[in-house]
1. Which pairs turn up if I take residues in region 62-75 that are hydroxyl-bearing (S, T, Y) and look for partners that are part of a loop (DSSP other than H, G, I, E, B) with beta carbon separation below 8 Å, at least 6 apart in sequence or on another chain?
2. What number of residues in region 89-123 are part of a helix (DSSP H, G or I) and of a type outside the set (V, I, T)?
3. Hey, can you tell me all the residues within region 47-85 that are within 35 Å of the chain's Cα centre (by Cα) and not in a loop (DSSP other than H, G, I, E, B)?
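Read the figures in this text as sums done on the coordinates, not as results from a lab. What you see is a predicted model; the values in this text were computed from it and never measured. Neighbour counts run over all protein chains shown; Cβ positions are idealised from the backbone, glycine included.
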Amino acid sequence: MRSAHDRLLDSDSFLAKIGKPLQSSPLNVSYSSDGILLGELQVLSDAIATLNKNSATLKTKTPDLLSFTLTGLKSVGEEHGADSVQSRAAVELFRTHLNKLTEDLKSFYKNNVLVEVLVVPNVDTAKVRKTRSLMAAKTFDPNKLNLEIDWYKDYPASFNIVIWLIIILAITVFFVAYGIWNMNPNLESILYRVPQDELAKKIN
């Protein structure tokens, strides 16, 4: 099986098609990130070339959807730095190669082509979950939470005093109301008793 380096040196590689041979590029396939990017671009070029060879599949009325995922461009930036010579060369190489492939697709589909490039976050990166030992946890102090007290220690005594005052007041009001209801004003009221005593004295 041929290596990606040998494939990039062929006369029909994508670097030869865009006029940028591997020897003049700052990218080096000995680096893993550079090799990934160049390999992905070469696979993309080979896929379009294979599509061109099978021209019968292009004559159907069903729209074709070609989707490719490229991760080498991000790898170059992570290994060499976002502002490095290799990163700038990788972006320029990607842009040139994409324009070349777009022109090829336009010729295949008679300009009925829509090319979109989406930059999405890396969803394959494992998310690290921070853990904390229970032994390292601080002791819990409820006095620092500034919470309202549920009940006071003298609550039973206060409740007992209040409830008995209410009962006594209710009984007192009942007997006072009962006495007033059954009172005879002519016999028991002082307002009527005094005038009657004075009237009896005058008669005598």
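1. As it stands, the answer is T71/N122, since those pairs meet every condition given.
2. Initial filter on region 89-123 (part of a helix (DSSP H, G or I)): 89-109.
If we keep only those that are of a type outside the set (V, I, T) as well, we get 89-90, 92-95, 97-101, 103-109.
Residues in region 89-123 being part of a helix (DSSP H, G or I) and of a type outside the set (V, I, T): 18 in total.
3. G72, L73, K74, S75, V76, G77, E78, E79, H80
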